[in-house]
Amino acid sequence: MTQQQRSTAQWRELDAAHHLHPFTDTASLNEQGVRMITHADGIYLWDSEGNKITDGMAGLWCVNIGYGRKDLSEVAKRQMDELAYYNTFFKTSHPAVVELSHLLAQVAPAGFDHVFYTNSGSESVDTMIRMVRRYWDVKGKPQKKTLIGRWNGYHGSTIGGASLGGMTYMHEQGELPIPGIAHIEQPWYYKHGKDMTPEEFGVAAARWLEDKILEIGADKVAAFVGEPIQGAGGVIIPPSTYWPEIERICRKYDILLVADEVICGFGRTGEWFGQQHFGFKPDIFTTAKGLSSGYLPIGAVFVGNDVAATIAAGGDFNHGFTYSGHPVAAAVAHANVKALRDEGIVQRVKEETGPYMQQRWRETFGQFEHVDDVRGVGLIQAFTLVKNKATRELFDNWGEMGTMCRDIFFGNNLIMRACGDHMVSAPPLVITKAEIDTMLGTAAR
Ligand code: PLP
């Protein structure tokens, strides 16, 4: 392997010389130098200096099946030998994409018999935006254009995805959001629901959507889009009453409901999709990450039957990517989803490892003076670093404590992420109970 021919110092130098990293302050990175990750297995990574690192984030919330699955690399090789590439634009298809579509229709909730392929979560979101607007055009209501997202929601880095997302530090770069996007507050009970029960707050937070629809005018609103659990926004888990109320409001005002399942999809919550955990039914949902467990880039937009029929009735849908339904990515995604199902991995998250993680997570972190709102579902969990638990006061420089905490974990060879002062974790779904104990033991050290 070429990697082994250089020293860590040489790699760092070359990286600093030629590589611009995503979401990174290049100057400070180059001062410290990167950590070179060279190989991985199960829930573990190894760096070029031989350190074994526990990946409490499944990469970027994506390696659901865990690292090192040789069966997936063999599928990739076979498919590459047989048909490395062909597209699905002009009256052609291929077995890999057909098999994947068939399997996805089986694992999806009822009523989602069609998928549209992309290469990433961001592309899935942009595809969804264009599809939603096309839907209303075909329905004869072209003025319904506005999509409503949430502050601190994350829907990717493309111009559409970053606009729909509610990360203001992203909006500040590149004159975002684009026209036709609005936001409402995130359903963060700990911060916004102090005088209410969680159930009361869930309904109240959903009504912010109704207020926004009435402000814009229902005849101009195309869709509401939300992650079932906000991931990069800090693992914000809405109360049980939130999503049913959101669904009721969308139906009342004839607005499409879209779930961004890029993180929640493919077993993260213990259900196949986050919408099933919260008991609501969107019209469209976007996916990527866990679809292939990150082994190859692929995303899919699941299109409900009514939307699919409408788009089809409109003739050409002028949208697609050179690699939509790429045969190698599709074959690997198929093998991945089949394994998640046939090996009972999603089931195990629901019945065994998810509940165990949640119990141990609370036991481990609940005891600390500056840790509060210890929370989680399935294998996605978080806590928040706070100044004062009794008053729910947050630290003054939001994110500073989180970054410090993350760096301490990283120094101890454990990867967790800081989303502001929310410390979050989402390990591979194959993590065992013993590995959960070891991981939390390291974290509490
Ligand atoms: N949507 C959600 C909910 C995400 O969490 C992400 C990425 O983290 C995206 C979309 C964008 O996905 P990608 O980075 O694959 O473009």
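Things to note:
- The C-alpha atoms of the stretch 321-370 occupy a region whose extents along the principal axes are 52, 27, 10 Å, arranged from largest to smallest.
- Cross-link pairs exceeding 30 Å in C-alpha to C-alpha distance, out of LYS52/LYS77; LYS338/LYS433; LYS77/LYS281, comprise LYS77/LYS281.
- Placing dummy labels 7 Å off each Cα toward the beta-carbon, the span from ASP47 to PHE23 is 1.9 nm.
- Cβ-derived FRET efficiency at R0 51 Å, ASP81 paired with GLU172, nearest 0.05: 0.60
- A protection proxy built from the mean count of other Cβ atoms within 10 Å ranks the segments 131-139, 100-108, most packed first, as 131-139, 100-108.
- Cα-Cα pairs of the stretch 66-223 separated by more than 28 Å (percent): 42 percent
- Whole-number percent relative contact order across the chain, with pairs defined as alpha carbons under 8 Å at least 6 apart: 20 percent
- Neighbours of ARG406 by Cβ distance under 14 Å: Lys/Arg scored +1, Asp/Glu scored -1, total -2.
- Applying the Kirkwood pairwise sum to the alpha-carbon positions of the stretch 230-288 produces a hydrodynamic radius of 11.9 angstrom.
- Binned Cα-Cα distance frequencies in the stretch 336-403 - 10 Å width, integer %: 20, 36, 23, 15, 5
- Options TYR253, MET57, TRP398, ranked by Cα towards positive dipole end of the chain, top entry (Cβ charges): TYR253
- Potential lengthening between THR391 and TRP151 on full extension [0.36 nm per residue; Cα-Cα distance subtracted]: 84.0 nm
- Calculated FRET efficiency for the pair LYS252/GLN359, C-beta based, R₀ 41 Å, to 0.05: 0.60
- Assigned charges on the beta-carbon of Lys, Arg, Asp, Glu; the stretch 143-289 dipole about Cα centre (debye): 160 debye
- Taken about its Cα centre, the chain carries a charge dipole of roughly 540 debye when the Cβ of each Lys and Arg holds +1 and the Cβ of each Asp and Glu holds -1.
- Peptides 331-342, 395-406, 52-63, ordered by how many other C-beta atoms sit within 10 Å of their residues on average, highest first, read 331-342, 52-63, 395-406.
- When +1 charges are put on Lys and Arg Cβ atoms and -1 charges on Asp and Glu Cβ atoms, the dipole computed for the stretch 322-387 relative to its Cα centre reaches about 140 debye.
- For the chain, convex hull volume per residue from C-alpha positions, Å³: 150 Å³
- Prolate/oblate/rounded call for the stretch 269-311, Cα gyration tensor, a/c under 1.5 rounded: oblate
Laboratory data are not the source of any read-out in this text; all were calculated from the coordinates shown. Fair warning: this is a prediction, and the values are worked out from it, not measured in the lab. For neighbour counting, all protein chains shown are included, and Cβ atoms are generated from backbone atoms with ideal geometry for every residue, glycine included.
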